[in-house]
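To keep things clear, I will list the structure first and then write my remarks on it.
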Amino acid sequence: MSGTVATRVDERGVRSYDVPLPADLVAGLRETVASRGSHPAYVTATGQVTWNEVASEVDALARRLAGDGVSAGDRVAVLAGNGLSFTTAVFAAWRVGAIAVPLNFRLTAADLGSLIADSGSRLLLVGPGMGELAVAAVAGQVDGPVVAHADGDGRFLLGVPDGDVPDHTPGADAPAAIMYTSGTTGRPKGVVISHGNALQNSVTCTAVIGRRADDVELVMVPQFNITGLCSQTVPAMLLGMTAVLLDGFDAARALDAIGAHGVTSTVGAPTMWWRLLEQAELHDRSELKGLRLALFGGAPMPTALVERMRAAMPEASFGNGYGMTETCSMIMYVGGDDAVSKPHTVGRPLPLTELRLVSPDTGADAGPGEIGEIVVRGGQVAVGYWTSDGIVPLTDENGWIATGDAAEIEDGFVVLRDRLKDVIKRGGESVFSFEVENCLHQHSGILDAAVVGVPDEQYGERVVAYVVAKPGHDLTSDEVRAFCREHLAHFKVPSVVEVREELPRNPGGKVVKSLLRSDSDA
Ligand code: AMP
């Protein structure tokens, strides 16, 4: 997408890419099949399929979905690990104009049941190994979905007679998916992504990250997550790349896959990169050197980790993508030399994405050097939240969405300071948990760290750190606090440091700080 790019502006003033985008994701798959049908599309533990084969599986399942009565606007829930069952299910739902509801299989059956009920899904497609969880999730649901389990080859609804699939495709404005947020703060919300949102995000992935059709992408984050679906699965499909689908992240298996399939590009949460580097170092493995693009995002990236990645992959290009489910993945990016020289930033807004920093106190634009909430608009911002009253907007009337993240601009680059709700107010001073975490990550014995504020009679809140020691390292609270005193202003130094075996993280790699805070209260 270099050179001149056609853009359009809607009535709210939101700008997006226009031609030469496909009309929607279904048309996108058709175009890929026409241009790269015989190219390998997906590689999984059980084999490899071409784009022609993917399309014929998708068409066949779409006919069975139609035969089962699924039509435009119906919700089809999908409970499956990364793989062909998941991918075919989602693409086939799109083919009949239905809305895919990818589910997080790490949730409890009760939580899954609530999401399935919330989405009003009429069908639940259950991938290999998920049968028991699915049955428990819908147990006792009145008007619950029809549950269809994959057969031994991972195919769905094989006994169902074919129905008629409409010739027309859904169009850019049609909802494509309901993506439930991870619910690190309160109840998960169903974010409705349109075909157009996913196309806009994909174009950006291609243009700004510099992915190429001959790249081999490893999808090691869950496909049910916005990054796995909209920043990897969909862009790989639109470009006709090959994607290696890893079912369940495990550092050793990820390295195996990188080596075996010639992976050139991947995306991981910071914690995944720690584990990949540890594994490579511990077992003297060199697969990471094969990567051309090593991308990260989803959670704050410790500077120490960027330095370590650079040492391990001197030839690779790095990139940090910032965004949220509500923005269909990315809104900012920093890549190449800037990702290395400015590891503390999340970069600049993507092309056609507009950024404002807004003072949380006054609602006015923050002045130079001031911290404000990141507020953005662009064609990738989701069409709304799924509610019992229908789809309700998640932006103001001019298309702006408030992210809940506090940031400032430094030399034209956005520096995230903290989630607004996580900023610790200690005796009139603001302590940004990211800064303290970044300091803790510089400590040679610390593998993982999270910092929260907990109520304190004297100061209002006090700074509490949770750390995980690297294997073979003993950490004491006093020693870690002494380290922080060397690097941080005294009011930022944690008053308590607790050493843990691991930190509670969600599938997107984010620490669930609400759990740590409630532990501190106990
Ligand atoms: P979710 O909707 O669950 O993906 O969470 C979105 C939130 O994750 C954002 O509002 C940020 O707080 C955080 N986040 C996403 N990407 C990054 C990044 N590259 N660096 C730091 N935090 C990030």
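FYI, it's all coordinate maths here, none of it is from the lab. Note that the coordinates shown come from a computational prediction; the quantities given were computed from them, not determined experimentally. Glycine gets a Cβ as well: all are built from the backbone with ideal geometry, and neighbour counts include every protein chain shown.
If R0 is taken as 41 Å, the Cβ-Cβ distance between Arg481 and Ala109 corresponds to a FRET efficiency of 0.45. For Ala198, neighbours were defined as the other residues whose beta-carbon sits under 15 Å from its Cβ, and their charges (Lys and Arg +1, Asp and Glu -1) total -3.
Structural descriptor for the chain: relative contact order 11 percent, calculated from alpha carbon pairs under 8 angstrom and at least 6 residues apart. The alpha-carbon of Lys510 sits under 26 angstrom from the alpha-carbons of these lysines, leaving out residues fewer than 8 places away in its chain: Lys189, Lys342, Lys421, Lys425, Lys470, Lys492. Relative to the longest principal axis of the Cα atoms of the chain, helix 25-36 runs at roughly 80 degrees. Among 198-210, 46-58, the peptide with the highest mean count of other Cβ atoms within 10 Å heads the list, and the full ranking is 198-210, 46-58.
If the chain linking Gln442 and Ala45 were pulled fully straight, counting 0.36 nm for each residue of separation and taking away their Cα-Cα distance, it would gain 139.2 nm. Taking amide H atoms as placed 1.01 Å from N in the peptide plane, the amide H of Val78 lies under 5 Å from those of Val101, Leu103, Leu125, each 5 or more residues away in sequence or on another chain. Highest average first, the peptides 102-108, 270-276 ordered by how many other beta carbon atoms sit within 10 Å of their residues are 270-276, 102-108.
FRET efficiency for the pair Asp153 and Asn52, taken as 1/(1 + (r/R0)^6) with r the Cβ-Cβ distance and R0 = 25 Å, rounds to 0.90. If one computes the Cα centroid of region 118-194 and of region 410-440, what distance in Å separates the two points? Between the Cα centre of region 118-194 and that of region 410-440, the gap is 39 Å. Charge tally for Ala137 (other residues, Cβ to Cβ under 13 Å; Lys, Arg +1; Asp, Glu -1): -2. The gain in end-to-end length when the Phe491 to Asp474 segment is fully stretched comes to 3.6 nm, 0.36 nm per residue minus the alpha carbon separation. Considering only Ser495, Tyr459, Ser433, the residue lying farthest towards the positive end of the dipole of region 423-521 is Ser433, judged by Cα position with unit charges set on Cβ. Measuring spread by the Cα atoms of the chain yields a radius of gyration and Dmax of 22.8, 70 Å.
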